[in-house]
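Below: the structure, in structure tokens.
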Amino acid sequence: MPEPPAPPDGTPVSRRDALRATGAASLGLLVGGAGRPASALGRAPGEAATPGQAAGITQSVARWCFEDIPLVPFCRGVADMGLTAMDLLLVEEWPVAHDHGLTVSCGDVAAGTIEDGLNEPSNHRGIIEAFERHIPHAAQVEVPNVICFFGNRRGMEDAVGIENSIRCLRECAPIAESEDVTILVEVLNSKPGGHVDYIGDHMDYALEIIRAVDSPRVKILYDIYHMQIMEGDIIRTLTDASPWIGHYHTGGVPGRAEIDGTQELNYPAIVRAIGDTGFEGFMAHEFIPRSGEPLRSLREAVELCAV
């Protein structure tokens, strides 16, 4: 999840605001027909790898990072480079991706927000109702994952946030299990410049909750960028936590720029380590391109990770 760049007046922009602005602009560009998404299961045994697949992982891309490109041309460009999936699309945007043969690898169904999430009981009814409303539709149109968040701390002790989150997710889990759709809860950094005050900023916190919920359809969205900032030790952590991780995000550290030689993470080694765990889901690129050629930056990231 991002820390979107602030506008000239310095006012922070939330990821949901960026997504909704992009979605509203793209609705007028919807093309006819329901379309069919690409398979959410990756390539079949024995099938040759595409540029977007590596070590059993299917690469994807977070829409919000490329919001300067209108949605339809962006879908076209993504599909043309061999990617088969796109991340963090709003429900009304799903048909656009599907019409271009793209799986929505993780859908945003407005089940809470980064700030108002699972840790606060007053948010639970809205989160549950969002999943009740949208998970059956996600299953129908082959969206395999939907996202939610742990929420801001606001002075709350970890133990209280953990207990509250477990209680809510235990109500959500049967909804997801009945439709074979996975609920992903994202870990984010809480340092200045990140999501300050976010309570789910370490894997120990997330793992205590996800293990207690104990559902095959409730997993962690492991954001490599955010966890490198908070705690590092990426390969050991994702290896040990692999049974509870359902999705990955990338991003260059520092600055969330391209995942190239300007940053500190060795993504080919990380991708190989993810593959070694037997993971067969999605890894979405969630970096903000700085090169001036965003699709070229994305293509280079995909090629870098096709190991």
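Where a number appears in this text, it was derived from the coordinates with a stated rule and is not lab data. None of the values given here were measured: they were computed from a predicted structure. Neighbour counts are summed over all protein chains in view; Cβ atoms, including those assigned to glycine, are modelled from backbone coordinates with ideal geometry.
Quick notes on this structure:
- Measuring between their Cα centroids, the stretch 122-189 and the stretch 70-84 lie 29 Å from each other.
- Where labels lie 7 Å past Cα in the beta-carbon direction, separation of E293 and E231 in nm: 3.9
- Counting Lys and Arg as +1 and Asp and Glu as -1 over every other residue whose Cβ lies under 13 Å from the Cβ of D214, the net charge comes to +2.
- Label sites at T239 and R125, each approximated as a point 7 angstrom past Cα along Cα to Cβ, lie 4.8 nm apart.
- Magnitude of the charge dipole for the stretch 42-305, about its Cα centre and with charges confined to Cβ atoms of Lys, Arg (+1) and Asp, Glu (-1), is about 200 debye.
- Straightening the chain between E92 and D116 buys 6.4 nm, computed as 0.36 nm per residue apart minus the Cα-Cα spacing.
- Cβ-based net charge around V61, under 11 Å, with every Lys or Arg adding one and every Asp or Glu removing one: 0
- When the charge dipole of the stretch 159-307 is built from unit charges on Cβ atoms (+1 for Lys and Arg, -1 for Asp and Glu) and taken about the Cα centre, the candidate among I175, T239, G281 whose Cα reaches farthest toward its positive end is G281.
- Within the stretch 229-307, the GluC sites (Glu not before Pro) that combine a DSSP coil assignment with at most 11 other C-beta atoms in a 10 angstrom radius are E264.
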